[in-house]
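Below: the structure, in structure tokens.
The values are calculated or read from the model by the stated rules, or taken from the named source; none is laboratory data. None of the values given here were measured: they were computed from a predicted structure. As a convention, Cβ positions derive from the backbone with ideal geometry for all residues, glycine included, and neighbour counts pool all protein chains shown. These accessible areas exclude ligands, DNA and RNA; they are computed on the full protein's heavy atoms, side chains included. Shrake-Rupley method; radii C 1.70, N 1.55, O 1.52, S 1.80 Å.
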Amino acid sequence: MPYKVPFVDVPAHFLSLQEEILKTVTSVLMKGNLILRDELRAFERNIAAFVGTEYAVGVNSGSDALHLTLRALRIGQGDEVISVSHTCVATISAIVHAGATPVLVDVAEDFTMDMSKVEEAITPRTRAVMPVHLNGRACDMRRLADIARQHELIIVEDAAQALGAEFDRRKVGSFGVAGCFSLYPFKMLGAFGDGGIITTNDRRIAREVAVLRDYGEDRETGEVLCFGFNSRLDNLQAAILNVKLKHFDTWIRRRRSIAEFYREGLADLPQLKLPHFPGDQYGDVYMNYAVRAEQRNDLVAYLKRNGIEPLTPLSLITPVHRHKALGLDHVSLPMTEAIAKEFLYLPICPELSDGQIKQVVSCIRAFYRDQSASA
Ligand SMILES: *Cc1c(COP(=O)(O)O)cnc(C)c1O
């Protein structure tokens, strides 16, 4: 049985753009523009302009955006990079693949890096810090910039979940030396497949990532500058993303209005902590509406039985440092572990109707009403 309220609705998303997308796909295919062509360059310019940086370079995933950026910065063997455990494991894999050592700190109530924990994690080997703007909310970039300046650390932003999110009215991806975005289908701006992009004001980094993504070759001279990778963003995906980007602000507004709807419908329930946090310097885009709930697992099962599909990604329910095979189990991160036991994501994709959001609200209310009646 399909869900009455699915977590994401790919057909509905496609149908809302069908005509524009099919026209674009036809035009790109008729031109034969498949690899590193005009559509990709246009998308790179569009993202740079949107984020507010000089350059953007498309790659084939958010994972590679992080990995290739670290390589371009010559961060590797012997270097430590501070990040968080409550994140997609790809954040930490990128650090390890670059040859560096991840140092994990705890998150705060708002699911992002706890800035009061960063300084105690700094050692003489620390080169960089990788804040993760999780769930579409920026980290406290003012505080982090201060720390980074004092200790001469490089900031590389993992903005995979936060295209469009702001701090101090500036878009994430424009604070660090580079910002790394994922274009995975279910991120803020999704391709119909994998993709990623980095943003930067540093010409050298932009150029170096462009070389690394393309076998290490300088396309113009044919000279091979290093042993590179194949990590290009598909030209066809870029063409589709250019179409989607025109609608992006509307989608962000829709996410924000669904978040408000949830706030109005659920704020009085003592069993829930909703993701509305203080600080008017933040411009959240709600990639995930991440709630902390009492009896989380029962609530998730109840929602599913009632045709509603929340998400509790298995790899986050066990935080990165608790995955035995990774060998990072020597730290204690109390907030990360508390959140792992309690969080779930409510459906918030822009295609959902007000009626569907209402169903989610009533179903959650019914669950806790039943619980207190039977207690
Ligand atoms: C999705 C994600 C990544 C990885 O991006 P991919 O495009 O899937 O490789 C990295 N970091 C975070 C926080 C993510 O959510």
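Couple of notes before you dig in:
- Selection from Y282, W251, L225 lying farthest towards where the dipole of region 206-282 points positive, charges on Cβ: W251
- Overall, the accessible surface of region 139-183 at a probe of 1.4 angstrom is composed of carbon and sulfur to the extent of 40 percent.
- Whole-Å distance, taken between Cα centres, linking region 272-329 and region 112-149: 21 Å
- Positive-end residue of H330, Q356, L266, charge dipole of region 232-375 with Cβ unit charges: Q356
- Along principal axes, Cα extents of region 211-299, largest first, whole Å: 64, 30, 29
- For the chain, the Kirkwood estimate of hydrodynamic radius, built from reciprocal distances between every pair of different alpha carbons, is 21.4 Å.
- Protein-only accessible surface at a 1.4 angstrom probe places the residues M1, M141 in the order M1, M141, largest first.
- Each Lys and Arg Cβ is given +1 and each Asp and Glu Cβ -1; about its Cα centre, region 198-353 then shows a dipole of about 280 debye.
- Subset of K31/K171; K31/K246; K304/K341; K171/K244 violating a 24 Å alpha-carbon distance limit: K31/K171
- Per residue accessible area in Å² of the chain, where ligands, DNA and RNA are left out and the probe is 1.4 Å: 45 Å²
- Using only side-chain charges placed at the Cβ, +1 for Lys and Arg and -1 for Asp and Glu, the dipole size of the chain relative to its Cα centre rounds to 520 debye.
- Rounded to the nearest 500, the helix-only mean residue ellipticity at 222 nm of the chain stands at -12000 deg cm²/dmol, with each DSSP H run of n ≥ 4 adding -39,500 (n - 2.57).
- To put it simply, the accessible area of region 258-341 at a 1.4 Å probe is 53 percent carbon and sulfur.
- When only the Cβ of Lys, Arg, Asp and Glu is charged (+1, +1, -1, -1), the dipole of region 1-103 relative to its Cα centre reaches about 160 debye.
- Given charges at Cβ of Lys, Arg, Asp, Glu: the chain dipole, positive-most of H133, M1, P185: M1
- Region 204-256: GluC sites (Glu not before Pro) in DSSP loop, at most 15 other beta carbons within 10 Å: E220, E223
- DSSP bridge pairs, the chain: antiparallel proportion in percent, nearest 5: 60 percent
- In plain terms, if you count all Cα to Cα distances in region 145-256 and split them into 10 Å steps from zero, the share in each step is 13, 36, 34, 16, 2 percent.
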